[in-house]
Amino acid sequence: MRLKKFLPAIVANVSAALSEILLMASAAWLIASAALHPPLSALSVGITLVRTAGISRAALRYADRFLSHKIIFKLLDDLREELFLRAAKIFPLKSGRSHEGELLHALTVSADLLKDFLPRVVLPLSTAALVTILLTYFLFEPLNFFALMLPIIFFANLIPIDFKQADDSDYREKILDLNDGRDELKIFGTTPAEKILDTAAENFGAENLKLTARQINFDTAFKILSAAGFFFMLLKLAAVVDTIALTVWTLIFLATLEIFSQMPPAVQTWKKIRAVKIPDEKIFPAKILPTDKAVEIKNLSFGYAGKKIFENFSLTIERGEKIAVVGESGAGKTTLLYLLLKLFPPDEGTISIGGKISASTFANYIFSASIRENFKMLRENISDEKIFSALKICMLGKFNLDAPIGEDGENLSGGERNRLLVALAVAQDAEILILDEPTAGLDKIHAERLIANLIDDAQKKNRTLIIITHDSNYFSELGRIEITG
């Protein structure tokens, strides 16, 4: 967001601050003048000025809040959209879900800080700067070079004092670790985990309390020094101005001191914004090149968790082929699928795809809605006829399309859930269909029938069919590609 979009809020905030100073000054002049018992007519200008300044202050404060919040909410909407789009491009991370949690934490912290940039950084600093310039100009005549005390105080409040934040990484890592093992803890008991988490929480709380106390002590000392600087200028003014002017300047200084008190937090927020960094994993969206083949992989290298999965791996699959990608568990079959789907970028080499891909994996999510709504979530205008056709291929033709299937298909058996994922992939208009272990949870008869249905459907649609499996017993009708890892 460009600075010019902040300008209305900056003008409103500065105007509100100046109106507040004017209100304090006019009220001080009126009170001090009234103490001398002048005719009421002599106070009419002061009374009018106080009323005008009071009304202006209220109106300008409202305008300041309205404009600031309007800009902030627009900025927050833009940030949320940008975060969603970025996360959609780079997830999942090959380093695992824990690192994804760290990345999301960093992104959301960044969003919270950036939305505070206008009200907590731009407005306090710009207002304090303009007030400093104006007051220094008016103070120069009575104080001469002593008026430069005000800019000195201003710049002193800009000194970036570095107070580190309490390190919560150990606490967060333990929460993530225990969350990943929550099923085991539920089975065997949570007492040891609770003790570990309590210790980490206590250590983090103690460190945070110590650093917070240090910050408070420093802020208090700094405010005292700033107040001492204003008091010194008042002493100098007392020698050269009358009582009424001294009263006016006293209240002006009190208002200015309040404005200056917002500067150290603004500087600290600015430092936090500049210091926010994405976790140091190199994250780039995967790029898939076009080709006249169905799939063409050249010199692919890829690995994660310190293990190399593919090294100088090449593969070509012609359009319309029906093949089984076979390999032992951990050989890299599912990883290959994730690479083809652009979920992971290759470390080296190129991947080229000749058409749209539709796929099913065990990691696919089933929405907590009806079967029909799950199909329409992925293909908005799909007809019931095509839904039933895909379900029939996967031997689910008797399912009620409007029946709720629960969160992530919890109302289905394991085999039914897996076949529904296959059906969702089959129903898509795609030139290439990739299925990860589609026969999982099926006996031999139903597995062979499902494979026969998938081959027949792929032939009718002239679709390339790639089935990933660790067991090739059911796939004699398919070509075979061995993945050795």
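Might you check whether a residue that is assigned by TED's automatic domain parsing to the domain that holds Arg319, surrounded by 13 or more Cβ atoms within 10 Å (Cβ to Cβ) and free of Cβ contacts under 8 Å to residues at least 12 places away in the same chain occurs anywhere in segment 440-456? Within segment 440-456 (the criterion being assigned by TED's automatic domain parsing to the domain that holds Arg319, surrounded by 13 or more Cβ atoms within 10 Å (Cβ to Cβ) and free of Cβ contacts under 8 Å to residues at least 12 places away in the same chain), the answer is no, since none of the residues qualifies. Kindly provide the set of residues from segment 306-317 that are closer than 26 Å to Ile455 by Cβ and touching a residue at least 60 places away in the same chain (Cβ under 8 Å), ordered by number. Correct list: Leu315, Ile317. When the strands (runs of 3 or more DSSP E) confined to segment 320-371 are screened for residues that are over 26 Å from Ser476 (Cα atoms), those reaching at least 3 such residues are found at 348-353.
Among the residues of segment 348-370, those identified as over 21 Å from Ile451 (Cα atoms), of a type outside the set (Val, Ile, Thr) and at pLDDT 85 or above are Glu348, Gly349, Ser352, Gly354, Gly355, Lys356, Ser370. Scanning segment 411-426 for residues being in contact (Cβ under 8 Å) with a residue 60 or more places away in the chain and surrounded by fewer than 22 Cβ atoms within 10 Å (Cβ to Cβ) gives a total of 0. When segment 324-335 is filtered for residues that are in contact with a Gly (Cβ under 9 Å, 6 or more places away or on another chain), hydrophobic (A, V, I, L, M, F, W, C) and crowded, with 19+ Cβ neighbours inside 10 Å, only Ala324 remains.
Scanning segment 187-213 for residues that are surrounded by 12 or more Cβ atoms within 10 Å (Cβ to Cβ) and either within 30 Å of Ala156 (Cα to Cα) or not assigned by TED's automatic domain parsing to the domain that holds Asp177 (or both) yields a count of 4.
Within segment 232-260, if we keep just the residues that are of a type outside the set (A, V, I, L, M, F, W, C) and assigned to a helix (DSSP H, G or I), the residue that is modelled with the highest pLDDT turns out to be Lys236.
Just a yes or no: is a residue in segment 390-411 part of a helix (DSSP H, G or I), at pLDDT 90 or above and farther than 21 Å from Gly320 by Cβ? Yes, segment 390-411 contains a residue that is part of a helix (DSSP H, G or I), at pLDDT 90 or above and farther than 21 Å from Gly320 by Cβ.
Name the residues in segment 216-247 that are surrounded by fewer than 15 Cβ atoms within 10 Å (Cβ to Cβ) and of a type in the set (S, T, N, Q), would you? Hits for segment 216-247 are Asn217, Thr220, Thr243.
The values are calculated or read from the model by the stated rules, or taken from the named source; none is laboratory data. Quick caveat, the model's predicted, so the values are computed rather than measured. Here the Cβ is made from the backbone with ideal geometry for all residues, glycine too, and neighbour counts use every protein chain on show.
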